[in-house]
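Let me begin by presenting the structure, written as structure tokens, before commenting on it.
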Amino acid sequence: MRELLAEVYKAIDEKKGEDIVSYEFTPLNPFIDYVVICSAQNLRQVHAIANNIQDRMKEKKFSIKRKEGTKESRWILIDLDSVIVHVFYDEERNVYQLEKLYADLKQVDISL
């Protein structure tokens, strides 16, 4: 799963996603290994990041279970089975503050 996580990071980084954090999620849900959160400066970038993640996963033959969000969404969720990715518009991330929910979980560092 670390390979999948690394590919997610690369896809986010390619589209200039910011403040990327990931958490080991197994203590809360044994079916999900990691949760990744990142931010974008505008809606166009939110969707560019989400689309790049999907494209890279297809290219690398990783499973994409579902993508939640529309063209107007300020928060896109991508379910990659064992990894969940949240792509937020900056302002939206500040509203929901998922990092507070996951504060007790171990953060995972994936160096690019």
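A few notes on this one:
- Cβ-Cβ distances below 8 Å connect the following pairs, each with a first residue in the stretch 47-75 that is assigned to a loop (DSSP other than H, G, I, E, B), a second residue that is surrounded by 12 or more Cβ atoms within 10 Å (Cβ to Cβ) and β-branched (V, I, T), and a separation of six or more residues or different chains: I64/I78; G69/I76; S73/V46; R74/V46.
- Filter result for K100 (of a type in the set (K, R) and within 20 Å of A6 (Cα to Cα)): no
- V35 vs. criteria in a strand (DSSP E or B) and either closer than 15 Å to I12 by Cβ or out of contact with any helix residue (DSSP H, G or I) (no Cβ under 9 Å at 6 or more places or on another chain) (or both): yes
- Selected residue (criterion: farthest from K61 (Cα to Cα)) from residues of the stretch 76-101 that are aromatic (F, W, Y) and buried (at least 18 other Cβ atoms within 10 Å of the Cβ): Y89
- Any chance Y34 is under 15 Å from the mean Cα position of the chain (by Cα), farther than 16 Å from R2 by Cα and of a type outside the set (G, A, S): no
- Candidate set from the stretch 61-75 (those that are surrounded by 11 or more Cβ atoms within 10 Å (Cβ to Cβ) and within 19 Å of I32 (Cβ to Cβ)); member that is modelled with the lowest pLDDT: S63
- Among the residues of the stretch 20-35, just one is acidic (D, E) and in contact (Cβ under 8 Å) with a residue 60 or more places away in the chain, namely E24.
The values are calculated or read from the model by the stated rules, or taken from the named source; none is laboratory data. Source: prediction; values computed, not measured. All Cβ positions, glycine included, derive from the backbone under ideal geometry; neighbour counts span all protein chains shown.
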